[in-house]
There are 2 protein chains.
Amino acid sequence: MNPEPFLQLDRTIHEKGRLAIMSLLAAAPTLLFTEIRDTLRMTDGNATAHLRTLLEAGYVAVTKSLEGGRAATSYALTQTGRRAFADYVGLLEQIVAQTRPPLPSR
Amino acid sequence: MNPEPFLQLDRTIHEKGRLAIMSLLAAAPTLLFTEIRDTLRMTDGNATAHLRTLLEAGYVAVTKSLEGGRAATSYALTQTGRRAFADYVGLLEQIVAQTRPPLPSR
């Protein structure tokens with residue numbers, strides 16, 4: 001077995017809550033904090049802590065605005081975050097390919 | 001996005017050191033402690049701690065023997081461990097499929 005894909009997994013993304021957030025943001029240009037929290041059934045505190053870690057890693061950007069007089073906080077992947085996530089998913093693919101026997105070719 | 005595969009990821013297996021150990025054991029009937037440690041470039045302490053966690057979860061079994069007068073410790077997946085690992089890899093496949101756009105069919 002090649003240990004490299006395991007050794008290279010980015011710990012910031014690998015934590016399952018953050019993996020879920022990164023996957024969600026990879027599929028949308030931008031998401032409200034409340035959308036992230038509710039889609040992933042996280043508590044306020046849990047979602048906030050994970051997003052702070054991703055912010056500190058430079059993987060997400062936060063935008064604060066007023067929507068109809070109400071404060072709205074939204075998040076988006078940065079270029080760095082998008083690249084790191086693509087690398088991470090590439091490693092996952094290698095891991096799945098290593099651990100599953102290949103399907104017979106058609 | 002469907003959050004279920006993320007929520008269901010088994011934390012015991014998801015930690016990247018243990019994921020590497022489980023993957024290694026899934027591909028071999030049994031492995032010496034030293035083979036696991038050296039293949040994955042872990043320290044003694046790190047390999048021991050992860051294997052203890054997997055033992056406590058019922059995912060691996062340990063066998064101690066004397067090989068040519070020297071103590072040898074080897075590990076193998078249990079049925080429970082094999083099933084948990086198959087479930088885990090199935091979830092990873094769903095996550096990869098969700099996060100990568102499908103390739104055009106040939």
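Summary of computed values
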| quantity | calculated |
| --- | --- |
| Unmet requirement for A:F33, which otherwise passes all of (1) at pLDDT 95 or above; (2) closer than 19 Å to B:L9 by Cβ | (2) |
| All positions within the range B:58-81 that are outside any loop (DSSP other than H, G, I, E, B), at pLDDT 95 or above and not β-branched (V, I, T) | B:A61, B:S74, B:Y75, B:A76, B:L77, B:Q79, B:G81 |
| Pair list, Cβ under 6 Å, 6 or more apart: the range A:69-92 residue farther than 15 Å from A:I13 by Cβ, other residue of a type in the set (K, R) and outside any helix (DSSP H, G or I) | A:T73/A:K64 |
| Residues (of a type in the set (D, E, K, R) and in a helix (DSSP H, G or I)) located in the range A:1-28 | A:E4, A:R11, A:K16, A:R18 |
| Any chance A:L7 is within 11 Å of another protein chain (Cβ to nearest Cβ) and without any contact (Cβ under 8 Å) to a residue 12 or more places away in the chain | yes |
| Residues located in the range A:29-57, provided they are assigned to a helix (DSSP H, G or I) and at the interface with chain B (Cβ under 9 Å from one of its Cβ atoms) | A:T39 |
| Within the range B:53-68, tally of residues that are within 27 Å of A:K16 (Cβ to Cβ) and either small (G, A, S) or in contact (Cβ under 8 Å) with a residue 40 or more places away in the chain (or both) | 6 |
| Residue within the range A:18-35 that is more than 19 Å from A:R82 (Cα to Cα) and either without any contact (Cβ under 8 Å) to a residue 60 or more places away in the chain or acidic (D, E) (or both) present | yes |
| Evaluation of B:A84 against (1) out of contact with any Ser or Thr (no Cβ under 9 Å at 6 or more places or on another chain); (2) closer than 30 Å to A:R37 by Cβ (one fails), failing number | (1) |
| Unmet criterion (only one of (1) more than 9 Å from chain B (Cβ to nearest Cβ); (2) under 23 Å from B:Y88 (Cα atoms)) for A:V60 | (2) |
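The values are calculated or read from the model by the stated rules, or taken from the named source; none is laboratory data. Note that the coordinates shown come from a computational prediction; the quantities given were computed from them, not determined experimentally. Don't worry about glycine lacking a Cβ; one is built from the backbone with ideal geometry, like all the others, and counts go over all protein chains shown.
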